[in-house]
Amino acid sequence: MPTHSRNKTLYGKLVDSHTVQVIDAQNVLLYADLHIMNEYTSPQAFAGLEDAGRTVAAPGAQLAVVDHIIPTHPVRPRTIQEPASALQASNLRRNCARHNIALYDTNDALQGIEHIIAPELGMIRPGMVVLCGDSHTTTHGALGALGFGIGTSEIEHVLATQTLVYRLASTMCIQVGGSLPRGTSAKDLIIQIIGRIGAEGARGFAVEFRGGAISALSVEARMTVCNMAVEAGARAALIAPDDKTVAYVLQRAHDMNASERQAAQAEWATLHSDPDAVFDRHLTFDACTLEPQVTWGTSPDQTIGVGHAIPELDILADPVQREAAQRALNYMGLKPGACLAGLPIQRVFVGSCTNSRIEDLRTVAGIVKGRRVAQGVRAMAVPGSGAVRMQAEREGIAQVLIDAGFEWRMPGCSMCLAMNDDVLSPGERCASTTNRNFEGRQGRGGRTHLMSPAMAAAAALAGCIVDVRHAL
């Protein structure tokens with residue numbers, strides 16, 4: 001049962017400020033400040049809208065992108081050759097034109113992954129409710145916004161009313177103290193947390209991340225944490241806005257005048273859990289013990305420190321978990337007790353809405369500069385947006401990656417979910433900065449090891465999984 005208290009959590013404040021109507025003890029009609037769409041979850045919603053003779057209630061509160069199915073080959077103009085994918089893109093283009101919705105289309109200079117471009121274009125601000133037909137909408141909680149994914153029928157409802165029938169979540173506080181050790185990152189932190197609490201450890205909860213280790217993270221690193229919280233089942237992920245958040249947002253909020261900025265900052269200062277707020281669950285972690293993480297299985301919670309061995313299955317008391325772990329090992333071609341360090345890889349993928357921002361690319365470039373990708377390894381770097389790509393080229397990052405042997409690609413979701421022609425071949429093993437390692441996620445029979453950009457860069461140079469701390 002969700003907690004109801006006069007002493008509010010940040011989650012409770014965001015829900016209360018956007019509740020149009022209380023339906024019952026568990027459900028409210030929630031107003032959405034921004035609704036983001038992509039080409040593959042919106043067509044049915046628009047079709048339902050048309051069949052019902054309805055229009056879009058608030059075109060200016062919509063944003064559309066082409067990102068999941070677009071090829072990332074570095075050629076211009078970009079064209080989508082696959083017929084079904086091309087149809088999805090053309091349908092989105094037609095629907096956006098019909099309803100006067102802003103679209104970052106295939107050849108737009110600012111096209112990119114939906115969860116990358118929305119914050120960088122100043123569209124995400126503290127206190128907002130942000131919806132999208134994609135589970136990783138939790139990313140936007142890094143800016144103090146309540147973001148979460150919705151289904152196609154819900155997309156239609158949002159388009160027609162700018163509201164959503166919303167079931168309240170329980171609340172969880174994850175307190176992370178200490179500081180990140182050398183060679184570790186936000187990606188390592190969130191993977192370790194998922195590994196500790198399990199893939200359903202936050203199921204049904206809106207999670208607020210707090211503590212010194214979280215405060216020390218950059219805004220982009222916080223996005224990585226909130227992005228992957230959904231892999232523990234979280235319905236939302238939040239980090240209260242602070243001075244870093246305000247600076248990030250105001251730098252991009254070109255539409256706000258001086259008085260609007262002053263008023264906004266006063267409002268944003270209230271966006272935190274009250275001192276006496278009660279969470280339904282409270283967990284504590286110490287960042288000081290963190291090691292670089294690598295997943296060994298087919299779920300993000302199947303992870304170990306890079307220097308550790310894959311656990312023996314008999315430590316799993318639950319027979320269902322043991323069976324799942326054995327299936328994962330069979331798929332990955334691994335055995336209990338084996339070490340991942342030294343395991344050969346054939347592919348490296350740097351990208352996705354988890355790790356394709358400029359800070360991620362800077363990290364990779366800093367490790368590979370003046371060195372070469374190992375022979376037999378195909379390494380790809382896919383920036384999250386046109387803006388990130390242009391900035392990386394201005395800073396010389398792109399050239400460093402190219403000189404090291406990386407393919408420098410165009411923006412898009414790319415190999416994260418293999419909905420285009422960026423796919424693994426059966427049996428290929430990939431060091432990947434993405435958020436999911438499910439069976440076939442990056443291509444039928446492909447074997448994905450999730451890790452940080454730094455770890456992926458080190459793997460690219462070595463041709464195998466290695467501890468990045470030895471490469472620094």
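Nothing in this text is a laboratory measurement; each read-out follows from the coordinates by a stated rule. Computed from a predicted model, the values in this text were never measured in an experiment. A quick note on method: Cβ atoms are made from the backbone with ideal geometry, for glycine too, and the neighbour counts reach across all protein chains shown.
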Between Asp108 and Arg372, the FRET efficiency computed from the C-beta separation at R0 = 60 Å comes out, to the nearest 0.05, as 0.95
When Val219, Val278, Val294 are ranked with the fewest other C-beta atoms within 10 Å first, the list becomes Val278, Val219, Val294
In whole Hz, the Karplus estimates of ³J(HN,Hα) for region 27-39 (6.51, -1.76, 1.60; θ = phi - 60°; x where Gly or Pro) are 9, 9, 8, 9, 7, 10, 6, 9, 10, 9, 10, 10, 7
Here, Val320 and Ala52, labelled 7 Å along Cα→Cβ, have an inter-label distance in nm of 3.5
Bridge orientation stat for region 293-470 from DSSP, antiparallel percent rounded to 5, came to 25
Scalar couplings 3J(HN,Hα) for region 143-152 by Karplus 6.51 cos²θ - 1.76 cosθ + 1.60 (θ = phi - 60°), nearest whole Hz, x for Gly and Pro, are 9, x, 10, 8, x, 7, x, 10, x, 4
DSSP beta bridges in the chain: the antiparallel percent, rounded to 5, is 25
Exposure proxy check on Ile113, Ile194, Ile304, Ile23: fewest-to-most Cβ neighbours within 10 Å is Ile23, Ile304, Ile194, Ile113
Residues meeting the amide H criterion for Gln111 (H placed from the backbone, H to H distance under 5 Å, 5 or more places apart or on another chain) are Gly386
Among Lys187/Lys369; Lys13/Lys244; Lys13/Lys187, the pairs whose Cα-Cα distance exceeds 24 Å are Lys13/Lys187
Of the candidates Ser218, Thr363, Trp296, the farthest towards the positive dipole end of the chain (Lys/Arg Cβ +1, Asp/Glu Cβ -1, centred on the Cα centre) is Thr363
Under the rule rounded for a/c under 1.5, else prolate if a/b exceeds b/c, else oblate, using alpha carbon gyration tensor axes a ≥ b ≥ c, region 383-433 is classed as oblate
In nanometres, the difference between 0.36 nm per residue of separation and the alpha-carbon distance of Ala258 and Arg281 is 4.3 nm
Of the residues Ala186, Leu121, Met380, the Cα lying farthest along the dipole of the chain towards its positive end, which is defined by charges on the beta carbon of Lys, Arg, Asp and Glu, belongs to Met380
note: region 164-222, Cα-Cα separations exceeding 20 Å make up a percent value of 32
If unit charges are put on Cβ atoms (+1 for Lys and Arg, -1 for Asp and Glu) and the dipole of the chain is taken about its Cα centre, the option from Gln442, Thr270, Val348 lying farthest towards the positive end turns out to be Val348
Percent relative contact order for region 293-470, counting Cα pairs under 8 Å at least six residues apart, stands at 28
To the nearest 20 debye, region 293-470 has a Cα-centred charge dipole, built from +1 on Lys and Arg Cβ and -1 on Asp and Glu Cβ, of 360
Between Met390 and Asn100, the two model label points (7 Å from Cα along the beta-carbon direction) sit apart by a distance in nm of 2.7
By Cβ neighbour count within 10 Å, fewest first, Cys413, Cys353 rank Cys353, Cys413
Magnitude of the Cβ-charge dipole (Lys and Arg +1, Asp and Glu -1) of the chain about the Cα centre, nearest 20 debye, reported as 860
Short to long, in 5 Å steps from zero, the percent of alpha-carbon pairs of region 293-470 per bin is 1, 9, 18, 22, 19, 14, 8, 4, 2, 1, 0
From DSSP H assignment alone, runs of 4+ in the chain each adding -39500 (n - 2.57), the sum over residues rounded to the nearest 500 puts [θ] at 222 nm at -9500 deg cm²/dmol
For the chain, Rg(Cα) over 2.2 N^0.38 Å is 0.94
Listed by chain and number, the residues whose amide H is under 5 Å from that of Arg378, excluding neighbours fewer than 5 places away on the same chain and using placed H, are Arg347, Val348
Length gained if Leu313 through Asn330 is fully extended, taking 0.36 nm per residue and subtracting the Cα-Cα distance, is 4.9 nm
